[in-house]
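The values are calculated or read from the model by the stated rules, or taken from the named source; none is laboratory data. None of the values given here were measured: they were computed from a predicted structure. Reconstructed Cβ throughout: ideal geometry from the backbone, glycine too, with neighbour counts over all protein chains shown. Ligands, DNA and RNA are stripped out before the accessible areas are found, and what is left, the full protein with its side chains, is counted by its heavy atoms. Shrake-Rupley method; radii C 1.70, N 1.55, O 1.52, S 1.80 Å.
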Amino acid sequence: MRDATLVTTLGRDPEQNDGIVNPPIQRASTILFPTVDSLLAARPGPGVVNYGRYGTPTTFALEEAVATLEGAGGAVVVGSGKGAIVATMLALLQAGDHVLVADNVYHPTRQTTDGLMKRMGVASDYFDPLVPEQVRQKIRKETRVVYLESPGSLTFEITDVAAIAEIAHAHGALVVFDNTWATPLYFKPYEHGVDVTIHAATKYIGGHSDLMMGIVTSTAALHGRLRQGIQDLGMSVSPEDCWLALRAIRTLDVRLRRHMESGIEVAQWLQGRPEVARVLHPALPSDPGHALWKRDFKGASGLFGIVLNPASPAAVAAMLDDMELFGMGWSWGGYESLLIPTFPQKSRSATAWRPEGPCLRIHVGLEDPDDLTADLDAGFARLRAAS
Ligand SMILES: *Cc1c(COP(=O)(O)O)cnc(C)c1O
């Protein structure tokens with residue numbers, strides 16, 4: 001079955017639920033066992049209802065749905081995307097190990113490698129995600145993980161994941177990939193040599209700006225290790241939140257299509273604007289990452305970047321402060337449009353980022369794209385007036 005069908009069928013079984021279309025929310029702490037033997041024999045594990053902290057059937061329904069959509073061997077939910085990053089690194093790395101990280105990853109990922117993981121005795125290095133050969137040069141015999149995110153956070157470069165995975169695997173390292181931008185629908189990581197994925201389900205999987213959640217998927221071989229790693233940290237996710245995420249997955253395919261179409265439309269409109277130096281969107285044929293994006297991805301989401309021509313901070317603030325439809329705030333992936341200033345140069349150490357002018361990140365939501373370009377048009381008028 002194809003993804004549009006899978007999102008409507010996975011994780012529910014009306015025949016087992018009095019014909020009710022959606023699965024119930026099952027809350028639990030204590031799980032009762034009928035005999036001493038069954039009580040003592042029960043072990044927490046995938047799909048095993050043992051104690052509330054390890055999940056209930058509501059949790060497992062979501063985990064199974066995401067694992068199936070992504071083509072993974074298993075999935076585990078965590079309380080946030082950042083929690084998924086931390087738990088994965090702690091599960092896969094130990095003191096004396098080394099992790100190689102793409103220079104364009106989500107900034108809090110760098111904070112985890114530079115802070116917590118360093119304190120735990122794990123060394124890290126950053127590499128240029130557009131030069132796979134750098135992985136060959138920087139990989140060490142202690143390197144256990146190569147960590148990627150594509151498109152890059154804030155700057156949206158596309159990485160040749162398969163080329164890097166081949167080098168990593170030849171040196172005995174695992175490939176961890178943050179797939180939040182593309183979701184399990186638009187990038188199939190296990191077809192490109194990835195071993196573990198991270199999702200901020202807070203973004204498109206949740207999709208309505210009302211949920212914090214992370215999901216870690218992996219090959220079947222690594223699933224037990226990751227589930228154990230997350231259990232070791234005592235992390236637990238509310239069944240209500242799992243149910244909300246599962247409910248939102250029903251519309252993930254239609255939402256993403258709209259985000260993609262409107263995003264491309266707004267990106268093309270922005271390309272024609274004199275205030276804009278560059279649009280950072282891999283689905284645009286002029287984008288340097290377009291050929292790789294076309295080779296590897298099944299679609300684009302609604303998040304991309306813009307580099308403006310030189311403008312003062314005050315002029316940018318005049319534009320952003322009075323947007324009508326575009327909100328300003330962290331996160332993205334909800335139904336609403338967002339526009340914020342970004343400073344990618346502050347999140348880099350192995351590569352240079354030399355923008356022509358101020359950088360913005362735009363999330364194109366589910367509004368009518370003509371209303372969005374009208375809002376941007378008025379914003380550019382304020383930018384020019386304040387310049
Ligand atoms: C937001 C985000 C995260 C972290 O997710 P939270 O749920 O906010 O903790 C991780 N990776 C990427 C790419 C993100 O955009």
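Numbers below:
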quantity: The stretch 1-53, subset basic (Lys, Arg) and more than 26 Å from Arg257 (Cα to Cα), residue modelled with the lowest pLDDT; calculated: Arg43
quantity: Search result, residues across the stretch 288-303 that are in a loop (DSSP other than H, G, I, E, B) and open to solvent by 20 Å² or more (accessible area, probe 1.4 Å); calculated: Pro288, Lys298
quantity: Residue, farthest from Val146 (Cα to Cα), within the stretch 180-233, restricted to residues that are of a type in the set (Gly, Ala, Ser) and under 17 Å from the mean Cα position of the chain (by Cα); calculated: Ser209
quantity: Residue among Gly357, Gly365 that alone is within 16 Å of the ligand (Cβ to nearest atom) and either modelled with pLDDT under 95 or small (Gly, Ala, Ser) (or both); calculated: Gly365
quantity: In the stretch 74-124, the residues that are more than 13 Å from the ligand (Cβ to nearest atom), buried (at least 19 other Cβ atoms within 10 Å of the Cβ) and assigned to a helix (DSSP H, G or I); calculated: Ala91, Leu92, Thr113, Met117
quantity: Failed item in (1) assigned to a helix (DSSP H, G or I); (2) open to solvent by 40 Å² or more (accessible area, probe 1.4 Å), with Trp330 passing the rest; calculated: (1)
quantity: Qualifying positions in the stretch 193-247 - away from the ligand (no atom under 12 Å from the Cβ), open to solvent by 10 Å² or more (accessible area, probe 1.4 Å) and more than 22 Å from Thr109 (Cα to Cα); calculated: His208, Asp210, Ala220, Ala221, Gly224, Ser238, Pro239, Glu240, Trp243, Leu244, Arg247
quantity: Number of positions in the stretch 355-387 that are of a type in the set (A, V, I, L, M), under 18 Å from Ala300 (Cα atoms) and open to solvent by 20 Å² or more (accessible area, probe 1.4 Å); calculated: 1
quantity: Selected residue (criterion: farthest from the ligand (Cβ to nearest atom)) from residues of the stretch 63-73 that are within 23 Å of Ala163 (Cα to Cα) and more than 15 Å from the chain's Cα centre (by Cα); calculated: Gly73
quantity: Residue among Arg255, Arg278, Arg273 that alone is in contact (Cβ under 8 Å) with a residue 24 or more places away in the chain, charged (D, E, K, R) and open to solvent by 40 Å² or more (accessible area, probe 1.4 Å); calculated: Arg278
quantity: Condition met for Val135 (surrounded by fewer than 20 Cβ atoms within 10 Å (Cβ to Cβ) and not assigned by TED's automatic domain parsing to the domain that holds His281); calculated: no
quantity: Lone unmet requirement of (1) free of Cβ contacts under 8 Å to residues at least 12 places away in the same chain; (2) within 16 Å of the ligand (Cβ to nearest atom) for Tyr147; calculated: (1)
quantity: Every residue from the stretch 42-66 that is open to solvent by 70 Å² or more (accessible area, probe 1.4 Å) and either farther than 11 Å from Leu246 by Cα or of a type in the set (Val, Ile, Thr) (or both); calculated: Arg43, Pro46, Tyr51, Arg53
quantity: Within the stretch 146-191, considering residues that are assigned to a helix (DSSP H, G or I) and acidic (Asp, Glu), the one surrounded by the most Cβ atoms within 10 Å (Cβ to Cβ); calculated: Glu166
quantity: Scan of the stretch 32-71 for residues that are over 14 Å from Gly224 (Cα atoms) and assigned to a loop (DSSP other than H, G, I, E, B), ordered by number; calculated: Leu32, Phe33, Pro34, Thr35, Ala42, Val49, Asn50, Tyr51, Gly55, Thr56, Gly71
quantity: Long-range neighbours under 7 Å by Cβ, at least six apart or interchain, first residue among the small types (Gly, Ala, Ser) within the stretch 179-193, second surrounded by 20 or more Cβ atoms within 10 Å (Cβ to Cβ) and in a helix (DSSP H, G or I); calculated: Gly193/Val161; Gly193/Ala165
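Conditions tested, residue by residue: (1) part of a loop (DSSP other than H, G, I, E, B); (2) in contact with a Phe, Trp or Tyr (Cβ under 9 Å, 6 or more places away or on another chain).
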{"site": "Glu336", "(1), (2)": "yes, yes"}
{"site": "Leu339", "(1), (2)": "no, yes"}
{"site": "Ser349", "(1), (2)": "yes, yes"}
{"site": "Ala352", "(1), (2)": "yes, no"}
{"site": "Gly357", "(1), (2)": "yes, no"}
{"site": "Leu360", "(1), (2)": "no, no"}
{"site": "Leu366", "(1), (2)": "yes, yes"}
{"site": "Asp371", "(1), (2)": "no, no"}
{"site": "Asp375", "(1), (2)": "no, yes"}
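To keep it simple, each residue is scored yes or no on (1) charged (D, E, K, R); (2) part of a strand (DSSP E or B); (3) within 22 Å of Arg255 (Cα to Cα).
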position: Arg278; (1), (2), (3): yes, yes, no
position: Pro285; (1), (2), (3): no, no, no
position: Gly305; (1), (2), (3): no, yes, yes
position: Pro310; (1), (2), (3): no, no, no
